[in-house]
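To start, the structure itself, in structure tokens.
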Amino acid sequence: MYVTSVDHIINKGSVWVIDTNTNTVVGPPIGVPIISAGIAFDPTHNRMYIDSLVGTVLFIDTNTNTVGPSILVGPRSNGIAFDPSHNRLYVTIYDPITNNGGVSVIDTNTNTVVG
């Protein structure tokens with residue numbers, strides 16, 4: 001199980017890996033250069049995607065627990081969900097200047113925004 005946490009003092013996040021058989025933390029936390037808000041798993045590619053709240057999404061390769069590059073999705077992101085039947089990640093976005101919202105769609109085969 002992967003759990004996000006935030007250090008508001010330094011505005012950075014961490015992801016903790018928990019062994020659900022023993023309910024213990026596995027290794028040190030994975031540092032992420034973002035405030036982590038939401039998290040969604042892509043079982044096809046064994047990636048855990050993390051919503052940053054600041055308009056980017058990044059992923060962790062769950063085979064190696066290494067952090068992949070950030071994907072720009074919009075002004076502010078605040079929710080994330082994965083659709084396994086289409087390998088699509090849906091991220092809600094909000095622009096506080098225009099007061100408009102929407103959804104960015106990421107193709108997890110290429111890790112690019114497609115809509």
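The values are calculated or read from the model by the stated rules, or taken from the named source; none is laboratory data. This is a predicted model, so every value here is computed, not measured. All Cβ positions, even for glycine, are placed from backbone atoms using ideal geometry, and neighbour counts span all protein chains on display.
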- Could you list, in sequence order, the residues of segment 40-67 that are assigned to a loop (DSSP other than H, G, I, E, B) and either modelled with pLDDT of 90 or more or hydroxyl-bearing (S, T, Y) (or both)? P43, T44, H45, N46, S52, T62, N63, T64
- Message: Just the residues that are among the aliphatic types (A, V, I, L, M), farther than 17 Å from G115 by Cβ and in contact (Cβ under 8 Å) with a residue 40 or more places away in the chain, please, taken from segment 41-80.
- Response: M48, I50, I60
- Would you say T110 is surrounded by fewer than 16 Cβ atoms within 10 Å (Cβ to Cβ), among the hydroxyl-bearing types (S, T, Y), more than 14 Å from T56 (Cβ to Cβ) and modelled with pLDDT under 95? no
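Here's the yes/no breakdown for (1) under 12 Å from Y49 (Cα atoms); (2) touching a residue at least 12 places away in the same chain (Cβ under 8 Å); (3) part of a loop (DSSP other than H, G, I, E, B); (4) of a type outside the set (A, V, I, L, M):
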{"site": "H86", "(1), (2), (3), (4)": "no, no, yes, yes"}
{"site": "Y94", "(1), (2), (3), (4)": "no, yes, no, yes"}
{"site": "I97", "(1), (2), (3), (4)": "no, yes, yes, no"}
{"site": "G102", "(1), (2), (3), (4)": "no, yes, no, yes"}
{"site": "N109", "(1), (2), (3), (4)": "no, yes, yes, yes"}
- Message: among the polar types (S, T, N, Q), more than 18 Å from T4 (Cα to Cα) and in contact with a His (Cβ under 8 Å, 6 or more places away or on another chain): which single residue out of T98, T44, T108 fits that description?
- Response: T108
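Conditions tested, residue by residue: (1) surrounded by 15 or more Cβ atoms within 10 Å (Cβ to Cβ); (2) among the hydroxyl-bearing types (S, T, Y).
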{"residue": "D51", "(1), (2)": "yes, no"}
{"residue": "G55", "(1), (2)": "yes, no"}
{"residue": "V73", "(1), (2)": "yes, no"}
{"residue": "P84", "(1), (2)": "no, no"}
{"residue": "Y90", "(1), (2)": "yes, yes"}
- Query: Any chance segment 75-83 includes a residue that's over 12 Å from the mean Cα position of the chain (by Cα), at pLDDT 90 or above and either of a type in the set (V, I, T) or closer than 18 Å to G38 by Cβ (or both)?
  - Reply: yes
- Message: I'd like the residue in segment 1-39 that is within 22 Å of S104 (Cβ to Cβ) and in a strand (DSSP E or B) and, out of all such residues, is modelled with the highest pLDDT.
- Response: I39
